[in-house]
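Report on the following structure.
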Amino acid sequence: FFGLTPVINEEQLEYIRKIFARYGRPMTDNNIKQAKFPESAVILKNRLGSAPGCILEKEGKKIILLPGPPNEMKQMFEREVKPYLAQLTDSVMYSEVVKVCGLGESAMEEMVRDIIDEAVNPTVAPYAKTGECRLRVTAKAENIEIAKELVSPVVKKLVERLGDNVYTVGNQTLAEVVVKKLIERKLVITGAESCTGGLITSMLVDCSGVSAVLHESFVTYSNDSKIWLLGVSPETLEKFGAVSIECAREMAEGLAKRSGADVAFAVTGIAGPDGGSEEKPVGTVCFALCYKGKTVSEMKRFNGDRTNIRIIGT
């Protein structure tokens with residue numbers, strides 16, 4: 001496009017060779033071409049892969065090229081591209097994200113509709129993700145300090161309005177917030193999952209430091225495993241079924257008793273596409289949480305396919 005001829009960048013070629021040597025893999029000609037760039041290109045380092053990126057400038061035009069894998073592209077944008085773009089403008093944009101669970105997007109938006117409508121700078125934009133909703137507050141200003149000052153009071157107003165439905169302001173996931181609180185309070189957690197098949201435990205294990213508070217967890221998919229591992233009564237299963245508040249409570253309480261954990265959670269449900277009934281349609285999920293001998297439980301009904309129901313159930 002620019003009429004420039006690619007040449008091998010020796011520094012990048014050596015970097016790529018070191019990557020392959022580190023993992024004991026042979027380097028092919030296909031990888032050598034990853035080090036070819038126009039001599040005038042600004043090279044963008046890739047700390048997670050072998051393919052560098054670059055910035056090309058000519059006659060007032062700029063093109064930024066990044067590798068495709070999301071984990072590589074995102075870190076390169078944050079480390080290399082964002083600072084470059086910041087130098088090209090006389091203003092900055094700053095955002096904070098208010099993360100909400102326990103509310104659907106429509107309900108959340110209704111609660112803060114006036115704040116959204118009144119917002120100009122900063123703006124307030126609602127977003128829905130599977131299992132949670134977000135409000136992104138973004139300000140434009142001449143520097144980051146002023147932008148933060150504009151964002152702060154709006155975030156505070158949103159948090160006050162939404163109350164306990166807000167689980168964090170920032171980049172933390174719900175699992176990270178939970179693990180942090182468990183560590184702070186020195187509480188051990190364990191879980192029994194049926195329809196979610198270990199997804200909740202997987203989310204917890206994604207968090208650094210979780211080994212201090214999570215010692216074990218169980219996927220008790222069959223009725224027999226619920227009886228054998230958790231002490232669920234056969235009579236409860238016969239009378240109420242595996243997908244019931246009664247079963248979920250016995251799962252959590254039995255696990256708490258057998259493991260000695262401070263916190264025990266249980267989830268059992270019908271993810272579909274089969275197995276539903278008029279009384280308990282696909283998407284019916286029952287939860288229970290036993291905390292130091294006290295148990296709370298509830299039944300929810302979710303929409304979506306099998307994968308979506310399992311994810312929302314986390």
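The values are calculated or read from the model by the stated rules, or taken from the named source; none is laboratory data. Computed from a predicted model, the values in this text were never measured in an experiment. Cβ: placed from backbone, ideal geometry, glycine included. Neighbour counts: every protein chain shown. We work out accessible area using only protein heavy atoms, side chains counted, and drop any ligands, DNA or RNA first. Shrake-Rupley method; radii C 1.70, N 1.55, O 1.52, S 1.80 Å.
Summed over the range 207-230, residues that are open to solvent by 40 Å² or more (accessible area, probe 1.4 Å) and of a type outside the set (Gly, Ala, Ser) total 10.
Tell me the residue from Cys195, Cys207 that is under 26 Å from Arg306 (Cα atoms) and either in contact with a Pro (Cβ under 8 Å, 6 or more places away or on another chain) or touching a residue at least 40 places away in the same chain (Cβ under 8 Å) (or both), please.
Details: Cys207 fails: either in contact with a Pro (Cβ under 8 Å, 6 or more places away or on another chain) or touching a residue at least 40 places away in the same chain (Cβ under 8 Å) (or both).
The conditions single out Cys195.
With respect to (1) touching a residue at least 40 places away in the same chain (Cβ under 8 Å); (2) in contact with a helix residue (DSSP H, G or I) (Cβ under 8 Å, 6 or more places away or on another chain), the lone exception for Arg47 is condition (1).
Taking the condition within 21 Å of the chain's Cα centre (by Cα), over 24 Å from Asp262 (Cα atoms) and open to solvent by 60 Å² or more (accessible area, probe 1.4 Å), does Arg134 pass? So Arg134 fits the description; yes.
Quick one: which of Glu110, Glu80, Glu96 is assigned to a helix (DSSP H, G or I), open to solvent by less than 60 Å² (accessible area, probe 1.4 Å) and of a type outside the set (A, V, I, L, M, F, W, C)?
Exactly one of Glu110, Glu80, Glu96 is assigned to a helix (DSSP H, G or I), open to solvent by less than 60 Å² (accessible area, probe 1.4 Å) and of a type outside the set (A, V, I, L, M, F, W, C), namely Glu80.
Condition check: in contact with a strand residue (DSSP E or B) (Cβ under 6 Å, 6 or more places away or on another chain), in contact (Cβ under 8 Å) with a residue 40 or more places away in the chain and not in a helix (DSSP H, G or I). Does Val124 satisfy that? I'd like the intermediate steps shown before the answer.
On the way: in contact with a strand residue (DSSP E or B) (Cβ under 6 Å, 6 or more places away or on another chain): yes; in contact (Cβ under 8 Å) with a residue 40 or more places away in the chain: no; not in a helix (DSSP H, G or I): yes.
No.
Restricting attention to the range 250-301, the residues that are in contact with a Gly (Cβ under 8 Å, 6 or more places away or on another chain), hydrophobic (A, V, I, L, M, F, W, C) and more than 17 Å from Ile312 (Cα to Cα) total 3. Identify, please: which residue in the range 278-291 is over 21 Å from Thr307 (Cβ atoms) and out of contact with any Phe, Trp or Tyr (no Cβ under 6 Å at 6 or more places or on another chain) and is, among those, most open to solvent (accessible area, probe 1.4 Å)? Among residues in the range 278-291 that are over 21 Å from Thr307 (Cβ atoms) and out of contact with any Phe, Trp or Tyr (no Cβ under 6 Å at 6 or more places or on another chain), the one most open to solvent (accessible area, probe 1.4 Å) is Glu278.
Within the range 257-277, the set of residues being touching an Asp or Glu at 6+ places or on another chain (Cβ under 9 Å), of a type in the set (Gly, Ala, Ser) and open to solvent by 20 Å² or more (accessible area, probe 1.4 Å) comprises just one member, Ser259. The set of residues in the range 1-54 being β-branched (Val, Ile, Thr) and either within 19 Å of Asn71 (Cα to Cα) or more than 34 Å from the chain's Cα centre (by Cα) (or both) consists of Thr5, Val7, Ile8, Ile16, Ile19, Thr28, Ile32, Ile43.
Restricting the range 1-52 to residues that are of a type in the set (Ser, Thr, Tyr) and over 22 Å from Val81 (Cβ atoms) leaves a set whose member that is least open to solvent (accessible area, probe 1.4 Å) is Thr28. The single condition from (1) in a helix (DSSP H, G or I); (2) open to solvent by 70 Å² or more (accessible area, probe 1.4 Å); (3) not charged (D, E, K, R) that Asn308 fails is (2). When you check Glu278 against the structure, is it closer than 19 Å to Val296 by Cβ and acidic (Asp, Glu), yes or no? No; evaluated as a whole, the condition is false for this residue. On inspection, Glu59 does not qualify as surrounded by 10 or more Cβ atoms within 10 Å (Cβ to Cβ) and of a type in the set (Asp, Glu).
Would you check which residues across the range 95-107 are at pLDDT 95 or above and not acidic (Asp, Glu) and list them?
Initially, the range 95-107 is screened for residues at pLDDT 95 or above, giving 95-100.
If the condition is that a residue be at pLDDT 95 or above and not acidic (Asp, Glu), then Ser95, Val97, Val98, Lys99, Val100 are the ones that fit.
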